[in-house]
Amino acid sequence: MEHIIVPTLQFFLSLSLLVVIHEFGHFLFARIFKIRVEKFYIFFNPWFSLFKFKPKNSDTTFGVGWLPLGGYVKIAGMIDESMDTEQMKRPVQDWEFRSKPAWQRLIVMIAGVTFNFILAIGLYTMISFHFGEKYIALQDAKSGMEFSPAALKAGFQDGDVLLRADDIVLDQFNEDAFYNIANAHTVVVRRAGEEVSLTMDGNLMQDILQEKKGFATFRMPFVVDSIIKGSRAELAGMMTGDSIISVGDSAQAFMGHCIDVFADHRNRNVSVTVMRNKEEVQLILTPDIHGKIGVYMKPLSALFPITTKRYTLLESIPNGLQKSVRKLTGYANSMKYVFTKEGAESLGGFISIGRLFPNQFDAETFWEITAFLSVILAFMNLLPIPGLDGGHIMFLLYEIITRKKPSQKALIRAQMIGMIFLMTLILFANTNDVIRFLFN
């Protein structure tokens with residue numbers, strides 16, 4: 001039960017923080033321009049609220065809704081999620097959004113995504129300063145990588161050490177490195193001691209989305225960290241610390257290959273040689289019906305040296321900014337694949353986001369994920385879709401450029417269409433999650 005509760009709590013804590021920061025951006029600049037804010041809500045509250053209060057002498061009701069699809073501020077005189085068309089029929093008041101100059105309204109709408117991006121910069125800065133940057137240097141993984149079928153199709157071979165993507169040196173394997181590889185024309189690897197250049201055809205990302213098997217993992221030995229009591233491994237005599245050096249008819253004993261062999265020998269015997277206290281020991285294993293033998297393997301951090309890069313406070317600030325920009329541009333570049341069949345199928349909702357968080361709370365991981373989600377929230381809200389901040393910004397830019405204000409009727413119709421589209425997208429993404437949860 002813990003593996004569900006802990007990630008769920010982290011998800012709601014992170015989401016609440018992101019919503020508060022985003023909506024506070026709108027709230028702050030609305031108040032600066034003397035625009036009345038009628039509601040400030042974490043989560044949506046159709047029909048009822050979990051909690052609400054209105055401070056004395058305040059125009060704003062603060063509350064918590066029950067539907068965790070985001071949050072909102074209800075700004076007087078604005079066509080938004082509340083669809084309060086009755087208010088728009090009344091005479092314009094000087095404290096309403098619609099009475100203010102277009103440039104002020106534009107700043108109010110941009111403030112939400114701006115605050116999310118500033119939050120990401122602040123979090124990445126804090127992480128850099130407090131935790132440093134921990135990673136396994138690609139050069140320290142002497143056995144290279146194990147690649148997915150899509151990566152093998154692109155020309156990579158198991159054991160390749162990643163060196164460069166175009167002119168970018170690859171020092172660690174993370175999402176930035178993957179985006180650089182996916183968008184590169186040429187990737188250089190070390191293969192059998194020599195540098196080899198691979199020409200990319202531009203289809204790597206799409207092939208990976210279609211196969212759903214990722215890109216690559218570190219090629220690591222199969223070293224037993226612990227054994228599940230009563231498992232097939234325990235029955236075969238396997239012990240903690242054993243390192244598999246051959247399996248079946250193959251002398252190759254890297255983790256990925258071992259897992260594949262065990263999957264091919266469900267309820268069938270397979271010969272395994274392990275290294276134990278510098279001696280070779282022969283075992284006969286019988287993987288279960290799922291191809292599992294019942295062991296936990298040593299983690300990457302126990303098998304490879306961990307490089308820690310430390311930053312001073314002055315170094316942390318530009319590093320936080322650079323990391324935020326890299327995350328934003330990388331995510332923006334990946335969005336083009338959403339409009340493919342494979343990309344649409346890979347869309348995920350709340351379950352996918354919740355699975356980003358580990359089963360046990362780790363402060364560094366929590367803040368890393370929250371910073372990345374803040375970047376995503378900033379980008380998604382900038383999309384020119386009515387119902388999102390980007391939709392309002394699009395109409396305001398049109399007004400500033402043409403000096404013609406769109407009619408209220410057009411804005412209401414656009415808002416309704418946008419809300420229907422967004423709800424359909426949310427339903428689609430979460431249906432994907434449910435299907436993957438039930439059948440994968």
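Computed quantities for the displayed model
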{"quantity": "Members of Lys229/Lys278; Lys52/Lys74; Lys212/Lys336 lying beyond 20 Å, as alpha-carbon distances in this model show", "calculated": "Lys229/Lys278"}
{"quantity": "Beta bridges per DSSP with both ends in the chain, % antiparallel, nearest 5", "calculated": "90"}
{"quantity": "Computed [θ] at 222 nm, deg cm²/dmol, the chain (DSSP H ≥ 4; -39,500 (n - 2.57); rounded to nearest 500)", "calculated": "-15000 deg cm²/dmol"}
{"quantity": "Spatial separation of Cα centroids for region 96-110 and region 151-207, in angstrom", "calculated": "47"}
{"quantity": "Protein accessible area in region 1-155, 1.4 Å probe - carbon and sulfur %", "calculated": "66"}
{"quantity": "Whole-Å distance, taken between Cα centres, linking region 1-47 and region 216-263", "calculated": "46"}
{"quantity": "Along the chain, longest interval not containing exposed trypsin sites (Lys or Arg not before Pro), exposed being DSSP loop plus at most 11 other Cβ atoms within 10 Å", "calculated": "311-402"}
{"quantity": "Reciprocal mean inverse distance between Cα atoms of region 234-289 - Kirkwood radius, Å", "calculated": "11.3"}
{"quantity": "Tensor-based shape of region 52-105 (alpha-carbon gyration tensor, a/c under 1.5 rounded, otherwise prolate or oblate)", "calculated": "prolate"}
{"quantity": "Inter-centroid distance (Cα atoms) of region 269-317 relative to region 60-80, Å", "calculated": "49"}
{"quantity": "Per residue, in Å², the accessible surface of region 53-160 once ligands and nucleic acids are set aside, probe 1.4 Å", "calculated": "44"}
{"quantity": "Accessible surface, 1.4 Å probe, highest first, among residues Glu96, Glu279", "calculated": "Glu279, Glu96"}
{"quantity": "Three-way shape call for region 20-73 based on the alpha-carbon gyration tensor, with the a/c threshold at 1.5", "calculated": "oblate"}
{"quantity": "Derived scalar couplings ³J(HN,Hα) [region 132-149; Karplus, 6.51 cos²θ - 1.76 cosθ + 1.60; whole Hz; x for Gly, Pro]", "calculated": "x, 10, 9, 7, 8, 5, 4, 5, 7, 8, 4, 7, x, 10, 9, 10, 6, x"}
{"quantity": "Isotropic mean projected area of the C-alpha convex hull, region 110-212 (nm²)", "calculated": "8.6"}
{"quantity": "Positive-end residue, the chain charge dipole about Cα centroid, Cβ charges, pick of Met200, Gln87, Ala429", "calculated": "Gln87"}
{"quantity": "Cα-Cα P(r), the chain, percent of pairs per 20 Å interval", "calculated": "20, 48, 25, 7, 0"}
{"quantity": "Helix runs (DSSP H) in the chain reaching 30 Å along axis by Cα, Kyte-Doolittle at least -1.0", "calculated": "2-32, 102-130, 313-334, 408-439"}
{"quantity": "Protein-only accessible surface order, largest first, of Leu138, Leu347 at 1.4 Å", "calculated": "Leu347, Leu138"}
{"quantity": "Accessible area in the full protein assembly, largest first, 1.4 Å probe, for Met126, Met145", "calculated": "Met126, Met145"}
{"quantity": "Average accessible area per residue (Å²) across region 245-366 - probe 1.4 Å, nucleic acids and ligands excluded", "calculated": "59"}
{"quantity": "Radius of gyration and Dmax over the Cα atoms of region 316-406, both given in Å", "calculated": "16.8, 54"}
{"quantity": "Neighbour-limited loop hits for chymotrypsin sites (Phe, Trp or Tyr not before Pro), region 18-126 (at most 11 other Cβ within 10 Å; DSSP other than H, G, I, E, B)", "calculated": "Trp47, Phe48"}
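The values are calculated or read from the model by the stated rules, or taken from the named source; none is laboratory data. Keep in mind the model is a prediction, meaning the values are calculated, not measured. No Cβ is skipped: glycine too gets one built from the backbone with ideal geometry, and neighbour counts run over all protein chains shown. Quick note on the areas: whole protein, heavy atoms, side chains included, nothing else; ligands and nucleic acids left out. Shrake-Rupley method; radii C 1.70, N 1.55, O 1.52, S 1.80 Å.
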